[in-house]
Amino acid sequence: TDQARVASYLARLSTLTGLPIRLSDTSPNFHIYFVNEDERAGIVPTIAAKSHDFSNANAADLINLPQSTYCLVYTQSQGYSDIYTQAFAVIRAETPDLLRLSCIHEEIAQALGLANDSPQARPSIFNDNQEYALLTRQDEAMLRLLYNPALRPGLTEEEARPLIISLASTLLGGES
């Protein structure tokens, strides 16, 4: 069930972003682990072996994951690059179906570059109030903006702001 949900969501994200996103066992750059409490510590060596930058602090955080944290994602870049090159999501297998699906939506979308939650992001899954469980139309619009060819990694806020305002206006069909 989880694999089917991930595959369906990846197809949706591929359509939104224009990226070739799909399930693959051949050199994936995003790994998703559905693990129970007993299995979680056991994946640390697996992640560390696949990662170029999985620190002891990351390992300790994963092993000592608070009960209130149902899922998380680690993203990595090469050097000082603004481009994520690899990600690892960990989702508690014990979580109920809707919460697990919510974790799939949020962690994968965050690894695509919408990394920070904000109370101003509404309606959005990128708001820590947990009001929204699944990707919203606003989240879809943010992903379309983020992956618009007019934007590129490394732009400053001053450079990106006028582009985003123009792109958002076009996307929404007028000024917002």
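The figures follow:
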read-out: Any hit, region 82-90, residues being hydroxyl-bearing (Ser, Thr, Tyr), open to solvent by 40 Å² or more (accessible area, probe 1.4 Å) and either in contact with a strand residue (DSSP E or B) (Cβ under 8 Å, 6 or more places away or on another chain) or free of Cβ contacts under 8 Å to residues at least 40 places away in the same chain (or both); value: yes
read-out: Residue under evaluation Gln3, criteria (1) under 15 Å from the mean Cα position of the chain (by Cα); (2) open to solvent by 30 Å² or more (accessible area, probe 1.4 Å); (3) at pLDDT 95 or above, criterion not met; value: (1)
read-out: Meets criteria (farther than 16 Å from Leu146 by Cβ, more than 18 Å from the chain's Cα centre (by Cα) and either touching a residue at least 40 places away in the same chain (Cβ under 8 Å) or in a loop (DSSP other than H, G, I, E, B) (or both)) for Thr95; value: yes
read-out: Arg144, sole failed condition from (1) farther than 22 Å from Thr15 by Cα; (2) open to solvent by 20 Å² or more (accessible area, probe 1.4 Å); (3) touching a residue at least 24 places away in the same chain (Cβ under 8 Å); (4) among the basic types (Lys, Arg); value: (1)
read-out: Members of region 22-44 that are aliphatic (A, V, I, L, M) and over 18 Å from Tyr74 (Cα atoms); value: Leu23
read-out: Residue in region 30-41 that is assigned to a loop (DSSP other than H, G, I, E, B), open to solvent by 30 Å² or more (accessible area, probe 1.4 Å) and of a type in the set (Phe, Trp, Tyr) present; value: no
read-out: Single residue of Ala109, Ala133 found to be buried (at least 19 other Cβ atoms within 10 Å of the Cβ) and hydrophobic (A, V, I, L, M, F, W, C); value: Ala109
read-out: Contacts under 6 angstrom Cβ, first residue in region 48-66 being without any contact (Cβ under 8 Å) to a residue 40 or more places away in the chain, partner hydrophobic (A, V, I, L, M, F, W, C) and in a loop (DSSP other than H, G, I, E, B), 6 or more apart; value: Ala48/Phe54
read-out: Residues that are in a loop (DSSP other than H, G, I, E, B) and farther than 17 Å from Arg100 by Cβ, drawn from region 1-22; value: Gly18, Leu19, Pro20, Ile21, Arg22
read-out: The one condition in (1) without any contact (Cβ under 8 Å) to a residue 12 or more places away in the chain; (2) more than 17 Å from the chain's Cα centre (by Cα); (3) surrounded by 12 or more Cβ atoms within 10 Å (Cβ to Cβ) that Thr156 fails to fulfil; value: (3)
read-out: Unmet requirement for Leu167, which otherwise passes all of (1) under 23 Å from Leu72 (Cα atoms); (2) surrounded by 15 or more Cβ atoms within 10 Å (Cβ to Cβ); value: (1)
read-out: Region 43-55: number of residues that are open to solvent by 50 Å² or more (accessible area, probe 1.4 Å) and either among the acidic types (Asp, Glu) or within 21 Å of Thr95 (Cβ to Cβ) (or both); value: 2
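The values are calculated or read from the model by the stated rules, or taken from the named source; none is laboratory data. None of the values given here were measured: they were computed from a predicted structure. Using ideal geometry, Cβ is built from the backbone for each residue, glycine included, and neighbour counts are taken over all protein chains shown. Accessible surface is based on the protein model in full, side chains and every heavy atom, while ligands, DNA and RNA are left aside. Shrake-Rupley method; radii C 1.70, N 1.55, O 1.52, S 1.80 Å.
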